[in-house]
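Participant: My structure is below; once you've seen it, I'll send some questions.
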Amino acid sequence: MSEISEEQVAHLANLARIALTPEEITSLTTELDQIVDSIAKVQEVATPDVPATSHPVPLQNVFRDDVVGQTLTREQALANAPERTEDRFKVSAILGEEQ
């Protein structure tokens, strides 16, 4: 059951300004026909009483409570910094001098 014709594929390629050889047109016609047939099969099965799903297995996010743990002191964090200004990391400007 061919719903897509080679003329339609050639016309669409022309509208999209895509140069296709006759072999490519034939190949794309076959591929597009298969896609249309596959969509038609899915539409036959899909009924109003079958809910749409985005994933076949129910997913559940697993979160843990945020718990404050041991952290570095300011001095420990800055201990290996190549440059620092007071109690902060010092980094080179990346936007240039005009900023």
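Participant: Please list, ordered by residue number, the helices (runs of 4 or more DSSP H) wholly in the chain having 1 or more residues that are among the aromatic types (Phe, Trp, Tyr).
Facilitator: none
Participant: Does at least one position in the stretch 29-45 carry a residue that is in contact with a helix residue (DSSP H, G or I) (Cβ under 6 Å, 6 or more places away or on another chain) and in contact (Cβ under 8 Å) with a residue 24 or more places away in the chain?
Facilitator: Yes: the stretch 29-45 contains one or more residues that are in contact with a helix residue (DSSP H, G or I) (Cβ under 6 Å, 6 or more places away or on another chain) and in contact (Cβ under 8 Å) with a residue 24 or more places away in the chain.
Participant: Now, a different point. Is it fair to say Glu75 is without any contact (Cβ under 8 Å) to a residue 40 or more places away in the chain, surrounded by 10 or more Cβ atoms within 10 Å (Cβ to Cβ) and out of contact with any Lys or Arg (no Cβ under 9 Å at 6 or more places or on another chain)?
Facilitator: In short, no.
Participant: Test of understanding: among Asp66, Asp87, Asp33, which residue is under 30 Å from Ser5 (Cα atoms), modelled with pLDDT of 85 or more and not small (Gly, Ala, Ser)?
Facilitator: The unique qualifying residue is Asp33.
The values are calculated or read from the model by the stated rules, or taken from the named source; none is laboratory data. Predicted, not measured: the structure shown is a model, and the values here were computed from it. Every residue, glycine as well, gets a Cβ built from its backbone with ideal geometry; the counts of neighbours run over all protein chains shown.
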